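Take a look at the structure below.
The values are calculated or read from the model by the stated rules, or taken from the named source; none is laboratory data. Everything numeric in this text was worked out from a predicted model, so none of it was measured. Here the Cβ is made from the backbone with ideal geometry for all residues, glycine too, and neighbour counts use every protein chain on show.
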């Protein structure tokens, strides 16, 4: 009973928070900064405490998995279709959900001061609590459909938080780019979910990954099927975790306020792709080709992030690429089947990177304090002599890194622009056809033009 | 079909807007006319809700009015309510009421209350009509009002006239051939093909989609929304085309509808005018509904019926938001950023919420509906299902692009407040709460749509069995 209540609180508390914040905005009763921050922090704490109690009870009773079944949201028994609200608390989801709640708690406390009296304070907290709900639902989802629900919420809130300073064009354009990549990644996820649904007859992760608890579970589908589904899920994970070729959105996400940057490319959102791969780990191991693809993708992204990160000139971008480097190593670990190592790596990296992100705005102050304490200037002495000889390869590498591997240019010029141009051509064609048929409008336009000419000449 | 409702709900709900239109006809005072229209819409909504609950209490597949005047005069049941139309009637009544309520006083001169009330009566009659001939007549009548408005505004009506003439002509010929050739398979097949073509024009399936974009450009936004949002084309398909057309033809239209959905989604992405963007978004989403309906499998059809129910409300809400923004700053170009959010946060939030709900985002009925639709499509055509996923992904990008262009990117400076008026706030809250309520507890709506699907499939099976028996009989008699 206690476990049931705790598990319920972990999920229901953030959902209630979203409803409360959303309805307050919709119905027009304005929550004060104080009450909003207090409610958010209390609910996050409540949820985190519930998750910790659940973990403690599971450890005490030697239970490695607890399933919270809230019944079937949609049930069409004749068609064998159901949409269950099942949440899975196991050795993977509990550490990740506790991490999410702790970091969200810290970041909400930080944001309360950072955005004090900002006109978008309430808006920030609305997006923030939607993000929190998305993270919690994705972490503890027991079915692939529930996981998709959380996944979508994280995507939307991330894009809107990147575009938080919405009176400027740059944040908005970057928010749209993040959203575009997320939408296509979500499409791959949805399709993978449906294929899995077909192959296993349901969306339950327990059904797909076998009855044993994580990480001992084993997938029940064939290697060839695992390869197809796994590749789709890899696309979804690559989009969310900014792996190559989708890495371009990560530095662009820095347009958002610091607290949101901390949760995206510092801590949680960027690890969500890796978490998805960890969750379906047994399926990945069904197909060696898939495993090697994951390792290769992780390796390429690591090389890319390492190279590009070295030439960044602002702290947030440097931290973003450092984050990406670690995430790609985590992806490689998952490819090698080192699931516990990957989980520990996620937790450690997310915590450390959040701290760095939150301290980023006061980096110079921290540096000066360090210099004051050690008693001398720690700056590197500038010399007029070049540190190394400039070879063509070095120049190319430098340009490649400065242009962030030309990834955005490739996606824009090879995919987005041709696609848009095709449909702009169709649009022009449709307009011309309608104009051709609209005789009366043409006559009227001609009459207006002749009148204008007459007036101008007179 | 002897099941009778406890009151003549259907006829009352159709008569109510007609009476209100007559009352408003000669009124010079626009405010008084608007008040009468609002009261009428409220009554109509109550009546449609009454007929829905009454019908539910009967537990039948379809029912007709008690003490029906039409039945007494003509001796035939022309108006019936069934599982398919019961919620649609209330949705239409609500949409008309919300549109009139959200109309700004400054736009009262352009947006005719009388025409709107007549349109409401005709669309309610279309959705209640069971007779093919009367349905043809009502569909023809419904085209006159927007056509008349375009003429009054001095616009060219050629595109609308061509498409609607093709639709009506094919529909009339098809229905007559179907009636004449009930024992001649060749004639029946020709009739079915003509009806399919007619449906393509009415429902806006490529290449019959031109009129929708043209209508949005040339009519008032309110009239255009109210003409397309009830999706009478889909109803026409379910009533006249679905029962008689062979499965291969239905699947053919389903694939064409899916391609239209993808094409329209991509077109929505490149539009530089808000109205055209909305028109293509609507075409894309309604094509998905049609694709699901024509799959003729229970899961896909249930999903399509759910989306049909949802997009009327969510795309209606989205259109009302755009209309409210247009009423303040004129026609909206998507080439520049307008930055309206700070001035009208309520409308900005509703734009985003309703738009996301319409494309199957969590929080609306379409979320589950879309999943059912994809599942149903994958069952029939495994690879074609990817088109739905692609179309919704592109629609999502187009929607957020439009949101950013209209509500963000700069700061709109206005000398007077352009925030949402109380009536608009009521509309936004009503739409949002309804979408949320059905989205959070979708099981009731899905069960009801599943029952409707089962009944439609049974009806189709019955009709097809009769046709194939006749075909066999003719084959036997013709050596």
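Can you confirm whether residue A:54 is surrounded by 15 or more Cβ atoms within 10 Å (Cβ to Cβ), within 28 Å of the chain's Cα centre (by Cα) and assigned to a helix (DSSP H, G or I)?
Values: surrounded by 15 or more Cβ atoms within 10 Å (Cβ to Cβ): yes; within 28 Å of the chain's Cα centre (by Cα): yes; assigned to a helix (DSSP H, G or I): yes.
Spelling it out, residue A:54 is indeed surrounded by 15 or more Cβ atoms within 10 Å (Cβ to Cβ), within 28 Å of the chain's Cα centre (by Cα) and assigned to a helix (DSSP H, G or I).
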Item to check | Any helices (runs of 4 or more DSSP H) falling wholly within region A:73-186 and containing at least 3 residues that are touching a residue at least 12 places away in the same chain (Cβ under 8 Å) and within 14 Å of chain B (Cβ to nearest Cβ) | outcome: A:121-140, A:144-162
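From B:283, B:359, B:307, which residue is in the same structural domain as residue B:435 (by TED's automatic domain parsing) and more than 25 Å from residue B:440 (Cβ to Cβ)? Please lay out each step first, then the result.
Numbers: B:359 fails: more than 25 Å from residue B:440 (Cβ to Cβ); B:307 fails: more than 25 Å from residue B:440 (Cβ to Cβ).
After ruling out the rest, the residue left standing is B:283.
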Checklist entry - When the residues of region B:386-423 are filtered to those that are farther than 16 Å from residue B:332 by Cβ, at the interface with chain A (Cβ under 7 Å from one of its Cβ atoms) and under 27 Å from the mean Cα position of the chain (by Cα), which remaining residue is modelled with the lowest pLDDT? => result B:386
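Could you tell me whether any residue of region A:375-388 is out of contact with any strand residue (DSSP E or B) (no Cβ under 8 Å at 6 or more places or on another chain), part of a helix (DSSP H, G or I) and more than 10 Å from chain B (Cβ to nearest Cβ)?
The first filter runs over region A:375-388 and keeps only residues out of contact with any strand residue (DSSP E or B) (no Cβ under 8 Å at 6 or more places or on another chain), leaving A:375-388.
Next, from what is left, pick out any that are part of a helix (DSSP H, G or I): none.
No: region A:375-388 contains no residue that is out of contact with any strand residue (DSSP E or B) (no Cβ under 8 Å at 6 or more places or on another chain), part of a helix (DSSP H, G or I) and more than 10 Å from chain B (Cβ to nearest Cβ).
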Next on the checklist: For region B:287-304, give me each residue that is surrounded by fewer than 24 Cβ atoms within 10 Å (Cβ to Cβ) and in a helix (DSSP H, G or I).
Outcome noted: B:298
Checklist outcome for this item: Checking A:251, A:223, A:259 in turn, the sole residue that is surrounded by fewer than 19 Cβ atoms within 10 Å (Cβ to Cβ) and in the same structural domain as residue A:104 (by TED's automatic domain parsing) turns out to be A:223
Next on the checklist: Can you tell me which residue is farthest from residue A:337 (Cα to Cα) among those in region A:207-227 that are in contact with a helix residue (DSSP H, G or I) (Cβ under 7 Å, 6 or more places away or on another chain) and modelled with pLDDT of 85 or more?
Outcome noted: A:225
Checklist entry - What is the number of the single condition among (1) within 29 Å of residue A:116 (Cβ to Cβ); (2) over 25 Å from the mean Cα position of the chain (by Cα); (3) in contact (Cβ under 8 Å) with a residue 60 or more places away in the chain that residue A:26 does not meet? => result (3)
Checklist outcome for this item: Selection over region B:424-446 where residues are surrounded by fewer than 15 Cβ atoms within 10 Å (Cβ to Cβ), within 10 Å of another protein chain (Cβ to nearest Cβ) and modelled with pLDDT of 90 or more yields a count of 1
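For every residue, the table says whether it meets (1) in the same structural domain as residue B:235 (by TED's automatic domain parsing); (2) free of Cβ contacts under 8 Å to residues at least 24 places away in the same chain; (3) over 24 Å from the mean Cα position of the chain (by Cα); (4) in a helix (DSSP H, G or I).
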| position | (1), (2), (3), (4) |
| --- | --- |
| B:151 | yes, yes, no, yes |
| B:156 | yes, no, yes, no |
| B:159 | yes, no, no, yes |
| B:186 | yes, yes, yes, yes |
| B:194 | yes, no, no, yes |
| B:201 | yes, no, no, yes |
Checklist outcome for this item: Residues of region B:254-273 being more than 14 Å from every other protein chain (Cβ to nearest Cβ) and surrounded by fewer than 23 Cβ atoms within 10 Å (Cβ to Cβ), in sequence order, are B:255, B:256
Checklist entry - Restricting the search to region A:197-232, which residues are more than 14 Å from chain B (Cβ to nearest Cβ), under 21 Å from the mean Cα position of the chain (by Cα) and free of Cβ contacts under 8 Å to residues at least 60 places away in the same chain? => result none
Checklist entry - Any idea how many residues of region B:89-119 are part of a loop (DSSP other than H, G, I, E, B), within 20 Å of residue B:25 (Cβ to Cβ) and touching a helix residue (DSSP H, G or I) at 6+ places or on another chain (Cβ under 8 Å)? => result 5
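So which of A:175, A:134, A:155 is assigned by TED's automatic domain parsing to the domain that holds residue A:24, crowded, with 21+ Cβ neighbours inside 10 Å, in contact with a helix residue (DSSP H, G or I) (Cβ under 8 Å, 6 or more places away or on another chain) and under 22 Å from residue B:386 (Cα atoms)? Explain how you work it out, then say what you get.
Values: A:175 fails: under 22 Å from residue B:386 (Cα atoms); A:134 fails: under 22 Å from residue B:386 (Cα atoms).
Matching residue, one of A:175, A:134, A:155: A:155.
Mind telling me which of the residues B:122, B:144 ends up being free of Cβ contacts under 8 Å to residues at least 24 places away in the same chain and over 20 Å from residue B:16 (Cα atoms)?
Numbers: B:122 fails: over 20 Å from residue B:16 (Cα atoms).
On inspection, the qualifying residue turns out to be B:144.
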Checklist entry - Can you tell me which residues in region A:328-369 are more than 24 Å from residue A:259 (Cα to Cα) and either outside any helix (DSSP H, G or I) or over 23 Å from the mean Cα position of the chain (by Cα) (or both)? => result A:336, A:337, A:338
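Of all residues in region B:37-53, which are touching a residue at least 60 places away in the same chain (Cβ under 8 Å) and either surrounded by fewer than 19 Cβ atoms within 10 Å (Cβ to Cβ) or touching a strand residue (DSSP E or B) at 6+ places or on another chain (Cβ under 8 Å) (or both)? Step through it out loud before you land on a result.
Taking region B:37-53 and keeping what is touching a residue at least 60 places away in the same chain (Cβ under 8 Å), we get B:37-38, B:40-41, B:44, B:48.
Scanning region B:37-53 gives a single hit, B:38.
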Next on the checklist: Take residue B:377 and tell me if it is part of a helix (DSSP H, G or I), under 29 Å from residue A:150 (Cβ atoms) and in contact with a strand residue (DSSP E or B) (Cβ under 8 Å, 6 or more places away or on another chain).
Outcome noted: no
Checklist entry - Looking at (1) over 26 Å from the mean Cα position of the chain (by Cα); (2) over 20 Å from residue A:188 (Cα atoms); (3) within 11 Å of another protein chain (Cβ to nearest Cβ), which is the one condition that is false for residue B:348? => result (1)
Checklist entry - Residue check, residue B:417 against (1) surrounded by 14 or more Cβ atoms within 10 Å (Cβ to Cβ); (2) assigned to a loop (DSSP other than H, G, I, E, B), all met but one. Which one? => result (1)
Checklist outcome for this item: Per the filter on region A:410-458, residues facing another protein chain (nearest Cβ under 9 Å) and outside any helix (DSSP H, G or I) are A:438
